[in-house]
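**Student:** Below is a structure I'd like to ask you about.
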Amino acid sequence: MSREEFEEAVGDALDLVPSQLMDQLDNVAFFVEDEPSAEEPELLGVYDGVPLTERAMSWGGGMPDRITIFSGPLQRMCQDREELLDEIAVTVVHEIAHHFGINDDTLHDLGWG
């Protein structure tokens, strides 16, 4: 899948997130990068920011939280386009959940592995 197609697939995955949930995102920017850091080469996505559950009343005016989806690991782990599109959607939801303060254990329990 080309970079452009991958970015479009991430956009399509964002479109699948209910608008009521997307409307609650606060100061979040989404990015696509080819590869994560060398320390975590198979990382599919990452949330970098302050979850809503940890923000103090005085929080504000900071740089946007970042959600980054990594195309390389996702493409390597999937056998076909359909599986890749599904995994992109799962990864997008997983990282958005971190913005809302939902940890990995809870996500796994909910089936968002």
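**Student:** Six or more apart or on different chains, Cβ atoms under 9 Å: show the pairs whose first residue is in the range 1-16 and touching a residue at least 40 places away in the same chain (Cβ under 8 Å) and over 17 Å from GLY45 (Cα atoms) and whose second is of a type outside the set (Phe, Trp, Tyr) and surrounded by 13 or more Cβ atoms within 10 Å (Cβ to Cβ).
**Tutor:** MET1/ALA9; MET1/SER71; MET1/GLN75; MET1/LEU84; LEU16/ALA89; LEU16/VAL92; LEU16/VAL93
**Student:** When you check VAL46 against the structure, is it among the hydrophobic types (A, V, I, L, M, F, W, C), in a strand (DSSP E or B), in contact with an Asp or Glu (Cβ under 6 Å, 6 or more places away or on another chain) and within 16 Å of THR91 (Cα to Cα), yes or no?
**Tutor:** Criteria not met by VAL46.
**Student:** Taking GLY49 as meeting all but one of (1) touching a residue at least 24 places away in the same chain (Cβ under 8 Å); (2) exposed (fewer than 12 other Cβ atoms within 10 Å of the Cβ), write down the number of the exception.
**Tutor:** (2)
**Student:** With the requirement that a residue be surrounded by fewer than 17 Cβ atoms within 10 Å (Cβ to Cβ), part of a helix (DSSP H, G or I) and charged (D, E, K, R), what does the range 73-113 give you?
**Tutor:** ARG76, ARG81, GLU82, GLU83, ASP86, ASP104, ASP105, ASP109
**Student:** When both residues are 6+ apart or on different chains and their Cβ atoms are under 8 Å apart, which pairs have a first residue that lies in the range 23-37 and is under 22 Å from PHE100 (Cα atoms) and at pLDDT 95 or above, and a second that is surrounded by 12 or more Cβ atoms within 10 Å (Cβ to Cβ) and polar (S, T, N, Q)?
**Tutor:** Listed pairs, sorted by first residue: PHE30/THR68; PHE31/THR68; VAL32/THR68; VAL32/SER71.
**Student:** Determine if the range 45-53 includes at least one residue that is of a type outside the set (A, V, I, L, M, F, W, C) and either farther than 23 Å from ASP104 by Cα or more than 14 Å from the chain's Cα centre (by Cα) (or both).
**Tutor:** Yes, the range 45-53 contains at least one residue that is of a type outside the set (A, V, I, L, M, F, W, C) and either farther than 23 Å from ASP104 by Cα or more than 14 Å from the chain's Cα centre (by Cα) (or both).
**Student:** Moving on to the next point. Check ALA56 against each of (1) closer than 18 Å to ASP104 by Cβ; (2) open to solvent by less than 90 Å² (accessible area, probe 1.4 Å) and name the one condition it does not meet.
**Tutor:** (1)
**Student:** Next question. GLU40 is checked against (1) farther than 14 Å from HIS99 by Cα; (2) in a helix (DSSP H, G or I) and fails just one. What number does that condition carry?
**Tutor:** For GLU40, the exception is condition (2).
**Student:** Scan the range 67-77 and tell me whether some residue there is at pLDDT 95 or above and of a type in the set (Gly, Ala, Ser).
**Tutor:** yes
The values are calculated or read from the model by the stated rules, or taken from the named source; none is laboratory data. Fair warning: this is a prediction, and the values are worked out from it, not measured in the lab. We place every Cβ from the backbone using ideal geometry, glycine too, and count neighbours over all the protein chains shown. Keep in mind that these areas ignore ligands, DNA and RNA; they rest on the heavy atoms of the full protein, side chains included. Shrake-Rupley method; radii C 1.70, N 1.55, O 1.52, S 1.80 Å.
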